[in-house]
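Written out below as C-alpha cells is the structure these notes cover.
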Amino acid sequence: MGKLNSRYFSMRDKKVYLMLILFVFLVFFGCTKSPSHKEPFVPESTDIVSSYKGIENVARLKDFIRNVRNEKEDQIRVVSYTKEGDPIISDISFNGESLEVERDTTLDKYGENTITNHHCKSISVMKDENNHDQYILTECSGFQRPYYLGTDKK
C-alpha cells in the first residue's frame, strides 16, 4: 500500500466535496422564503371602482343611495386606488337603519394593512369646485372627515 498524502485530495474526493457543497447550497436557498407573488386584485363587474379618472359603475352607486333613502337593505363594494395603484376595498352595507363600512387596506403596500369596521350616519352627494358629483359617507366612527368614496367626473 502506498502512503496517504493528506495534502491532496483524489478526484473522487473533490467530486464528493463539490456535491456536498452544492447540496448545502440548494437546501439553504431552496428553503428560504421567497417573496410572495400575489395575483393582482381584479374588481368584480358589480364593484364600484373609484380612481383619479372618476367612478366606474356610478349607476350602481346611485341605486345604492336611492335604496338607502328609501330605507331598503342593500350592499355595495367600492374599490379605490392609491397613487401607487394599490386597491383599498370598502364593503358598505345598509340594513334598513344604519350604514356599516368594512375598510380593507391589506392590499395596499404602503398603507395600514388592516381591516376596520365603521358606522356612518349618511351617504351624500356634493358638488366639487368643478361641479362634479362627489360621493361621501358622513359622521363615520373613526374618521375626523367624511369618508370619501369618489368623484364622478363625467
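The values are calculated or read from the model by the stated rules, or taken from the named source; none is laboratory data. Please read these numbers as outputs of a predicted model, since none were measured by experiment. Here the Cβ positions follow ideal geometry from the backbone for every residue, glycine too, while neighbour counts run over all protein chains shown. In case anyone asks, the SASA skips ligands and DNA or RNA and just uses the protein heavy atoms, side chains included. Shrake-Rupley method; radii C 1.70, N 1.55, O 1.52, S 1.80 Å.
Tabulated values for the structure
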item: Tally, over the stretch 117-128, of residues that are more than 19 Å from Ile48 (Cβ to Cβ) and either open to solvent by less than 90 Å² (accessible area, probe 1.4 Å) or outside any strand (DSSP E or B) (or both); result: 1
item: From Asp108, Asp86, Asp104, Asp91, residue being more than 12 Å from the chain's Cα centre (by Cα) and acidic (Asp, Glu); result: Asp91
item: Sole exception among (1) open to solvent by 80 Å² or more (accessible area, probe 1.4 Å); (2) of a type outside the set (D, E, K, R); (3) in a strand (DSSP E or B) for Asn131, by number; result: (3)
item: Selection within the stretch 101-154 - among the β-branched types (Val, Ile, Thr), touching a Phe, Trp or Tyr at 6+ places or on another chain (Cβ under 7 Å) and closer than 23 Å to Asp86 by Cβ; result: Val101, Ile136
item: Qualifying residue in the stretch 134-142 (condition: among the acidic types (Asp, Glu) and either exposed (fewer than 11 other Cβ atoms within 10 Å of the Cβ) or within 11 Å of the chain's Cα centre (by Cα) (or both)); result: no
